[in-house]
Amino acid sequence: MSRIVAGPFNRVEGDLEVTLDIKDGVIAKAEVTTTLYRGFEQILCGRPAADALVIAPRICGICSVSQSIAASTALRNLAGGRAAPNGYLAANLAHAAENIADHLTHFYLFFMPDFARAEYAARSWHEETVNRFKAVSGSGSARFLPMRRRLLEVMGVVAGKWPHSLAFQPGGTTRAIDIGERVQLASLMGEFQLFLEEAVYGVSLDTILSMATVADLEDYAAGPSGADFALFLRLAEDLSLAKMGKGPGPLISFGAYHDSQSSLLPGGVTDVRGEIRPLDVAGISEDVAHAWFADTDRRPDHSDTVPVVAKDGAYSWAKAPRLAGSPAETGAAARLAVADHPLIAELLRLDGGTSVRTRIVARLVETAILVHAMQGWLRQLRLKDEFCSHFAIPDDAVASGLVEAARGALGHWVSLKGGEISRYQIIAPTTWNFSPRDAAGVAGPLEQALAGLDTGGLGAQSAALQHVIRSFDPCMVCTAH
């Protein structure tokens, strides 16, 4: 048995290490370490509630809108009210645009470049993958990045700027969209749909939206499309990515893209058998047995964050979120599984849970769903109506803001006392997925997904190790908030 420490892994910033116990080339045990402590929860305490709208988005420069919407939703729930109908729609447009950008940035810049490594030089698809996805020189990223910039122009129209906009408020959004801007947004979405159909999918958006079975997915992969999604599916089949990085389940989603009465994707919990049940928010807890924090109440609305630098048995600055005492995986696969998407549900049953393949497929299928939804939200805007309603936040209250970032379930729990924040607790998607062990010794989702992985004798240099870790699309700054 050998022990190695591998990292960093994230291609944006590297606050991640993984300690691996390897025997005969196979990972026997993994410990996932979030290496950075930041203290946003303490920074927010003692401040007026509205300060959360300024400070919380600065947790992350990649999923800033998600943090904004979680904070504004929590404050809205403190006040016990609803946003203006247009405010929900405009926020959904910005949020979906950011999440689509995150999905495709992950695909083109973080995940696919690993298949251009020399380790795969003998594979039939390697030369094509190098041409499209090699870091810096790949044609795929060269085509995607200008379209990413165009997509994020949605933020300029809806929110004035990106990231860290103050446009997202408890009552809605502060910028009223006029008819010219709606035409501009419709043009942007049409241009982006064309990019998806030509470069990402190679088929119409409707074809991707209509995929309901694994047979549909296989027919698409075997078809004449020379697009990037189809190339991924072919190499995923060759490398058996459906058998790699199995998640433990259950899968959790807080629900995404809300209006005053419903949401595009519902919240809930599911398992690999497809049994979907309501989410019991009261069953969410955080364990600090192996985190560098002092013991506290496990309920996020009653807990405090007190760092303890020297603590026996601790190995991460991430707490260990648990649902009814068990680890849960979150992300696009969880969202679509809870929404009972037939293709994702069948993939989960066939693979016996989430896998590297299923996580990537879910992101690209969800991207098509979101583009279609954005076009509908644009049409629903009533431009003569208000975009933001007035809210009066009480002096003493407790509430949460539960939303979905690109990487999964994001929750902000806020307690007010005497008009100031007395507690502010955040559970980010990568906190769920990259959690350390809990007091019972149960490993987090990534730790379980890595156990049993054959590194082919390459240890930390194994491409398979990279595939599993990056299939979760880690956002470590959110984890280390």
Practice problem: Output yes when any residue across segment 305-314 is within 26 Å of Val477 (Cβ to Cβ), touching a residue at least 12 places away in the same chain (Cβ under 8 Å) and in contact with a helix residue (DSSP H, G or I) (Cβ under 6 Å, 6 or more places away or on another chain), and no when none is. | Solution: yes
Practice problem: Report those helices (runs of 4 or more DSSP H) wholly inside segment 202-261 carrying at least 3 residues which are within 27 Å of Leu446 (Cα to Cα) and open to solvent by 10 Å² or more (accessible area, probe 1.4 Å). | Solution: 228-238
Exercise. Go through segment 419-428 and count every residue that is open to solvent by 10 Å² or more (accessible area, probe 1.4 Å) and at pLDDT 95 or above.
Key: 3
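Listed here are the residues, each with its yes/no results for (1) in contact (Cβ under 8 Å) with a residue 12 or more places away in the chain; (2) of a type in the set (Phe, Trp, Tyr); (3) more than 30 Å from Ala186 (Cα to Cα).
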residue	(1), (2), (3)
Gly25	yes, no, yes
Glu31	yes, no, yes
Tyr37	yes, yes, yes
Gln42	yes, no, yes
Ser64	yes, no, no
Thr73	yes, no, no
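So, Glu98, is that one open to solvent by less than 10 Å² (accessible area, probe 1.4 Å), at pLDDT 95 or above, assigned to a helix (DSSP H, G or I) and acidic (Asp, Glu) or not?
Answer is yes for this residue.
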Quiz item: If you go through segment 141-190, how many residues are assigned to a loop (DSSP other than H, G, I, E, B) and either open to solvent by less than 60 Å² (accessible area, probe 1.4 Å) or over 30 Å from Phe229 (Cβ atoms) (or both)?
Solution: 15
Practice problem: Run down Ile22, Ile69 and say which single residue is in contact with a Gly (Cβ under 8 Å, 6 or more places away or on another chain) and either closer than 20 Å to Arg335 by Cα or of a type in the set (S, T, N, Q) (or both). | Solution: Ile69
Practice problem: Check whether at least one residue in segment 362-379 is assigned to a loop (DSSP other than H, G, I, E, B), at pLDDT 95 or above and either within 26 Å of Leu205 (Cα to Cα) or under 21 Å from the mean Cα position of the chain (by Cα) (or both), and report yes or no. | Solution: no
Practice problem: Report yes if some residue within segment 103-111 is of a type outside the set (Gly, Ala, Ser), open to solvent by 20 Å² or more (accessible area, probe 1.4 Å), within 19 Å of Ile360 (Cβ to Cβ) and touching a Leu at 6+ places or on another chain (Cβ under 8 Å); otherwise report no. | Solution: no
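So if I check each of Leu350, Leu343, Leu370, Leu378, which one is in contact (Cβ under 8 Å) with a residue 12 or more places away in the chain and surrounded by fewer than 17 Cβ atoms within 10 Å (Cβ to Cβ)? Please lay out each step first, then the result.
Numbers: Leu343 fails: surrounded by fewer than 17 Cβ atoms within 10 Å (Cβ to Cβ); Leu370 fails: surrounded by fewer than 17 Cβ atoms within 10 Å (Cβ to Cβ); Leu378 fails: surrounded by fewer than 17 Cβ atoms within 10 Å (Cβ to Cβ).
Criteria check complete, one pass: Leu350.
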Self-check item: Leading residue by the ranking (farthest from Leu402 (Cα to Cα)) among those in segment 271-294 that are surrounded by fewer than 17 Cβ atoms within 10 Å (Cβ to Cβ) and modelled with pLDDT under 95
Solution: Arg273
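When you look at Val130, is it open to solvent by 30 Å² or more (accessible area, probe 1.4 Å) and either under 21 Å from Arg357 (Cα atoms) or of a type in the set (S, T, N, Q) (or both), yes or no? Step through it out loud before you land on a result.
Working: open to solvent by 30 Å² or more (accessible area, probe 1.4 Å): yes; either under 21 Å from Arg357 (Cα atoms) or of a type in the set (S, T, N, Q) (or both): yes.
In short, yes.
Out of the residues in segment 381-414 that are over 30 Å from Arg299 (Cβ atoms) and either of a type in the set (Asp, Glu) or in a strand (DSSP E or B) (or both), which is least open to solvent (accessible area, probe 1.4 Å)?
First, pick out the residues of segment 381-414 that are over 30 Å from Arg299 (Cβ atoms): 381-390.
Applying the additional criterion that residues be either of a type in the set (Asp, Glu) or in a strand (DSSP E or B) (or both) yields 385-386, 388.
Values: Asp385: 89, Glu386: 108, Cys388: 50 Å².
Of everything passing the filter in segment 381-414, Cys388 is least open to solvent (accessible area, probe 1.4 Å).
The values are calculated or read from the model by the stated rules, or taken from the named source; none is laboratory data. Here the structure is a predicted model, which means the values were calculated and not measured. In this analysis, Cβ positions are derived from the backbone assuming ideal geometry, glycine residues included, and neighbour counts consider all displayed protein chains. Note: accessible area is taken over every heavy atom of the protein model, side chains too, but ligands, DNA and RNA are not part of it. Shrake-Rupley method; radii C 1.70, N 1.55, O 1.52, S 1.80 Å.
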